[in-house]
Structures are given as structure tokens and as C-alpha cells.
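Trainee: One structure, pasted below without further comment.
The values are calculated or read from the model by the stated rules, or taken from the named source; none is laboratory data. No experiment lies behind these values; they were computed from the predicted model shown. Positions of Cβ are backbone-derived with ideal geometry, glycine not excepted, and every protein chain shown enters the neighbour counts.
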Amino acid sequence: MIVMETLPAVILRPGSADRLIAGHPWIYAGSILRLTAPAADGVLVQIKDHRQRFLGVGFYNSQSKIQVRALDTERIAVDATFFETRIRASLAVRKKHFPEATSFRVVNAESDFLSGLIVDKYADVLVVQISSLGMEQRKEMIVNALEAVFSPCAIVERSEAAFRKFEGLTESNGVLRGKLDGPVRVALNGLKFDVDIVGGHKTGLYLDQQRNYQLTAALANSGEVLDCFSFTGGFALHCARAGAAHVHCLEQSADAVAAAQRHAELNGLAERCSFETVNVFDWLKERTAVRPHERVIPRFDAIILDPPSFTRTRATVPDAMRGYKEIHLRALKLLKPGGTLATFCCSHHVDAEMFEAVALDAAFDARRTVRRVATYTQAPDHPVLPAVPETEYLKGFAFEMAR
């Protein structure tokens with residue numbers, strides 16, 4: 001056991017402890033009054049308020065804006081047993097709330113009280129993302145714990161530079177344990193996908209949409225469907241299987257389109273899907289551009305908008321909102337009366353109220369009246385802690401064209 005008295009203590013400024021006590025694990029430099037002793041970056045430190053009352057322990061990093069990432073409110077040792085216990089607790093949450101999934105997020109950083117660590121499970125392969133120095137220094141412990149819990153055939157790291165530069169870390173990718181030969185075949189809601197874990201986007205697939213694929217397909221299960229920003233075919237294949245007459249997919253990445261085509265063939269749905277490698281904004285603009293006194297003829301019974309994040313900072317939110325309004329305006333013009341628009345936003349900086357407002361602004365400009373028929377959030381393997389707003393990022397709505 002660690003003797004707490006030997007650990008350096010981070011003393012918080014008056015008033016700065018409230019956020020931590022409420023459950024948020026991040027402590028910024030401006031909240032720190034002083035350290036009781038010099039602390040090396042990455043070490044475990046005690047956290048105390050300005051009256052020296054113990055609040056918990058966390059990883060310290062003077063190079064980061066988030067100088068302490070709290071791990072627990074108790075005096076614990078962060079060792080191999082700690083990681084295995086916490087990973088098992090995270091897995092139990094998934095088994096309780098998402099029992100049907102065989103590929104899912106095992107650890108979702110702050111949501112699972114492991115700030116700086118993400119672990120995704122694709123069948124019997126695990127993918128690790130590390131974005132904090134404290135976790136990086138304990139990578140061996142983490143990998144050992146994952147092997148003990150899952151006995152995977154391979155553990156792969158996909159720690160991209162964008163996540164790590166704020167902690168003074170460089171990019172780190174590669175197979176950490178086991179062996180991986182080519183794509184990994186996974187099942188999402190009974191549909192088969194081949195995931196390029198080593199070279200694919202993110203850690204392979206958008207697991208956070210796994211439940212929304214089914215929910216959206218239940219509303220877009222007939223007629224002509226347009227799937228914008230279709231990536232590797234998640235929404236498209238679910239809609240085609242649910243009974244859509246035809247699904248047309250738009251995606252800018254040629255590699256993603258090729259993967260979506262393979263997935264359609266793999267699931268026996270190729271005849272009901274078509275694909276275009278195209279800039280979605282340009283495609284929508286071309287099909288809704290008319291001369292004066294002409295009208296756009298609606299073509300689709302359902303349209304899905306699932307773009308990548310339009311903003312990663314608060315400063316660019318206004319530009320993002322203009323982009324969201326543009327695609328909603330164009331899509332609504334192509335939607336038949338009684339049709340359904342399912343739309344999603346994955347930016348933390350655009351909350352659900354803002355996102356719905358921009359969709360309604362677009363409906364007003366398009367002279368359409370819509371009724372909201374569904375509200376979406378991220379799958380339960382991406383838990384949301386209300387005390388940590390950053391854990392909630394994915395939101396969506398389904399609107400039915402009333403007139």
C-alpha cells in the first residue's frame with residue numbers, strides 16, 4: 001500500500017473544491033494554490049482543499065492545462081489491482097445496460113472514472129487510446145489488466161497525436177499484445193462489418209451509434225432513403241435490412257465508400273444500396289438549386305444526416321451552426337411530405353437545445369413544419385455523467401415532415 005503522507009499534496013484555492021466534490025475529475029492550473037512538495041509529472045498526488053481536508057487522489061501533470069486528473073475520493077493505491085478492478089466494474093455496467101452487444105466501448109475515460117483512458121472491444125480484439133501522462137506511464141499495468149479480464153487475441157493502441165499533445169505526449173500506435181492479421185469481423189445488431197483497426201478512422205467504427213442504427217431504421221424502413229455522411233454503411237445497412245426500398249449513400253472518403261460497398265455485399269444488401277463518393281454539401285446544393293419560380297421536387301421518404309463534428313472548440317461554434325443549418329435546409333427540401341429526417345451532432349460544444357434550434361430555423365426557412373418523433377443519445381457503452389458535461393456529446397432528433 002501507498003503511504004499517503006509520502007505523496008505530494010495539491011492544495012486547491014478557496015472555492016475550487018466544489019467542482020471536484022460534485023464529481024468532475026479535472027483540476028485546472030488556475031484552481032491550484034500550491035504543492036506541498038515538488039511533484040514529477042505523471043505521479044499520483046493527494047488532493048486537498050485550502051483547509052487541508054483530503055478530497056482524493058489523482059495524476060499530476062504540470063505540462064497540461066488539466067494539471068490533476070482525479071481518480072478516487074479514497075486513499076487508494078493505483079496499481080495492477082486497481083486497474084483490473086475498475087475495468088471489471090466498467091464491464092459490468094455494459095453487461096447490465098447493453099447485454100446484446102458483442103463489440104462496444106469497455107472504458108469511456110471520465111465516464112468510468114479512468115480519465116485519459118479509452119478501451120474499445122471489437123469481437124476478441126481490444127483497442128486502447130491513452131490521452132494522459134499518468135495513464136501512459138502505467139500502460140503496462142493497463143494492458144496486463146485487460147489481458148486478465150478479457151484474454152483477447154490482440155490489444156492494439158490507437159493513441160493519436162491530437163489527444164496527446166496537450167499532455168506533452170506524441171502519437172503512439174501499434175499492436176501491444178498478441179497478433180492481428182487484417183481486418184476484424186464484428187457484428188453490430190446482427191449485421192456483419194469488417195473493421196480496419198490498425199489503419200481505420202478512430203478506433204474502427206462509430207460504436208456510439210450502435211443503438212441509434214436500430215432506432216433510426218425503425219423509422220426509415222420503407223421507400224427511398226438518403227444517407228448523408230454514410231461512412232462505412234452503419235445507418236444504410238440497418239435501413240436496408242429493415243425494409244427500405246433503396247438507400248443511397250453519400251460519403252467523401254473513397255476508402256469508407258469502398259468499405260460500405262463490401263459490407264452491403266457481405267450482408268446480402270447490395271441490391272438495395274447505392275453509393276457515391278462526393279462532397280455532401282455540394283451534392284445537396286446541386287439537387288436543391290432552382291431558378292426563380294421553380295420548386296424542388298422532394299425525392300426521399302427518409303434522410304439521415306450524421307456528419308463528423310463541425311467544431312472542436314467554442315470559438316468555431318458559429319461557423320458550425322451555419323454548416324448544420326445549411327445541410328438541414330437542403331435536406332428538408334428533398335424530403336417528401338410525411339417523410340422522416342434523422343439528424344445527429346457529435347460535438348460537445350453544440351448542446352441538444354442549440355442543435356434542435358438550428359434544425360427548426362432551417363425548417364422555417366424551407367417553409368416546412370416538422371414534428372419531433374424521436375430523441376437520440378449515445379449508446380449505453382458511452383455513459384453520461386451529468387456532473388461531467390464533457391461525457392455527453394452525441395445528440396440527435398428525428399423529425400417528421402408534417403406539411
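Trainee: Which one is surrounded by the fewest Cβ atoms within 10 Å (Cβ to Cβ) among residues in region 151-199 that are in contact (Cβ under 8 Å) with a residue 40 or more places away in the chain and among the aromatic types (Phe, Trp, Tyr)?
Mentor: Per the stated criteria, the residue is Phe166.
Trainee: Condition first: under 22 Å from the mean Cα position of the chain (by Cα) and more than 15 Å from Val358 (Cβ to Cβ). Now tell me which residues in region 308-341 satisfy that.
Mentor: Of everything in region 308-341, those that are under 22 Å from the mean Cα position of the chain (by Cα) and more than 15 Å from Val358 (Cβ to Cβ) turn out to be Pro308, Arg312, Thr313, Arg314, Ala315.
Trainee: Additional query: Go through (1) at pLDDT 95 or above; (2) closer than 22 Å to Ala374 by Cβ for Leu269 and report which single condition fails.
Mentor: With (1) at pLDDT 95 or above; (2) closer than 22 Å to Ala374 by Cβ applied to Leu269, the lone miss is (2).
Trainee: Out of the residues in region 25-54 that are closer than 23 Å to Pro389 by Cβ and surrounded by fewer than 17 Cβ atoms within 10 Å (Cβ to Cβ), which is nearest to the chain's Cα centre (by Cα)?
Mentor: Ranking the candidates gives Tyr28 first.
Trainee: Here's another thing I want to ask about it. Could you say which residue among Arg138, Arg88 is under 21 Å from Trp26 (Cβ atoms) and either surrounded by fewer than 23 Cβ atoms within 10 Å (Cβ to Cβ) or not assigned by TED's automatic domain parsing to the domain that holds His382 (or both)?
Mentor: Only one candidate passes the filter, namely Arg138.
Trainee: While we're on this one: Inside region 61-88, can you point out the residues that are of a type in the set (S, T, N, Q) and touching a residue at least 40 places away in the same chain (Cβ under 8 Å)?
Mentor: Asn61, Gln63, Ser64, Gln67, listed by residue number.
Rundown of residues vs (1) of a type in the set (A, V, I, L, M); (2) at pLDDT below 95, yes/no style:
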| position | (1), (2) |
| --- | --- |
| Ala264 | yes, no |
| Cys273 | no, no |
| Leu284 | yes, no |
| His293 | no, yes |
| Arg312 | no, yes |
| Tyr324 | no, no |
| Leu329 | yes, no |
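Trainee: Okay, moving on. Determine which member of the set Thr391, Thr343 is under 17 Å from Val280 (Cβ atoms), touching a Leu at 6+ places or on another chain (Cβ under 7 Å) and polar (S, T, N, Q).
Mentor: Result: Thr343 is the single residue among Thr391, Thr343 that is under 17 Å from Val280 (Cβ atoms), touching a Leu at 6+ places or on another chain (Cβ under 7 Å) and polar (S, T, N, Q).
Trainee: Name the pairs whose Cβ atoms lie under 6 Å apart, with the first residue in region 371-387 and more than 21 Å from Ala109 (Cβ to Cβ) and in contact (Cβ under 8 Å) with a residue 60 or more places away in the chain, the second among the charged types (D, E, K, R) and part of a strand (DSSP E or B), and 6 or more positions between them or separate chains?
Mentor: Listed by first residue and then by second, the contacts come to Val373/Glu400.
Trainee: Scan region 334-351 and give yes if some residue there is in contact (Cβ under 8 Å) with a residue 12 or more places away in the chain, farther than 24 Å from Ala218 by Cα, surrounded by 15 or more Cβ atoms within 10 Å (Cβ to Cβ) and touching a Lys or Arg at 6+ places or on another chain (Cβ under 6 Å), otherwise no.
Mentor: yes
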